[in-house]
């Protein structure tokens with residue numbers, strides 16, 4: 001996992017694909033994400049990532065919670081600076097996921113034959129001629 005700022009912090013991560021119960025209209029998958037940095041100066045996180053269709057695209061969202069480390073001093077740091085760092089890190093993660101999904105979608109589209117290609121295959125199959 002890469003934070004907004006460069007760090008060398010090792011992180012234990014967990015992920016699990018589950019049924020998304022947050023949409024009562026239609027079924028979706030959701031991804032539970034959690035991580036626990038091995039260095040206690042960074043917060044652990046647990047959240048739910050979802051993708052929802054919207055007109056010509058999709059909405060990728062990540063909702064979660066973290067507990068600022070460091071007791072009262074950590075809470076003060078979080079209110080002054082840490083929350084913005086956490087929001088920026090989540091935005092960075094969502095942007096990386098968006099780019100990854102878009103690249104996979106484009107690769108999938110190029111790997112799949114077009115309707116015209118499928119029709120040509122079907123015509124050649126019916127006529128017995130190889131395409």
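Just so it is clear, none of the values below were taken in a lab; they were calculated from the coordinates. In this text, all values refer to a predicted model and were calculated from it rather than measured experimentally.
The angle between the Cα long axis of helix 83-111 and the longest principal axis of the Cα atoms of the chain comes to about 10 degrees, rounded to the nearest 10. Helix-derived [θ] at 222 nm for the chain: sum -39500 (n - 2.57) over DSSP H runs of at least 4, divide by residue count, nearest 500? Estimated from H runs of four or more residues: -12500 deg cm²/dmol. A Gaussian network model of the chain, with springs between Cα atoms under 10 Å, assigns the largest mean-square fluctuation among 115, 78, 23 to 115.
Straightening the chain between residue 38 and residue 115 buys 22.6 nm, computed as 0.36 nm per residue apart minus the Cα-Cα spacing. Of all the options 65, 13, 114, the one that moves most in a Gaussian network model of the chain with Cα springs shorter than 10 angstrom is 114. Between 53, 37, 113, the residue with the greatest mean-square fluctuation in the GNM of the chain (Cα pairs under 10 Å linked by springs) is 113.
Tell me, in nm to one decimal, what length is gained between residue 48 and residue 91 on full extension, where the rule is 0.36 nm per residue of separation less the Cα-Cα distance?
Details: separation 43, 0.36 × 43 = 15.48 nm, distance 1.42 nm.
Net length gain for the segment: 14.1 nm.
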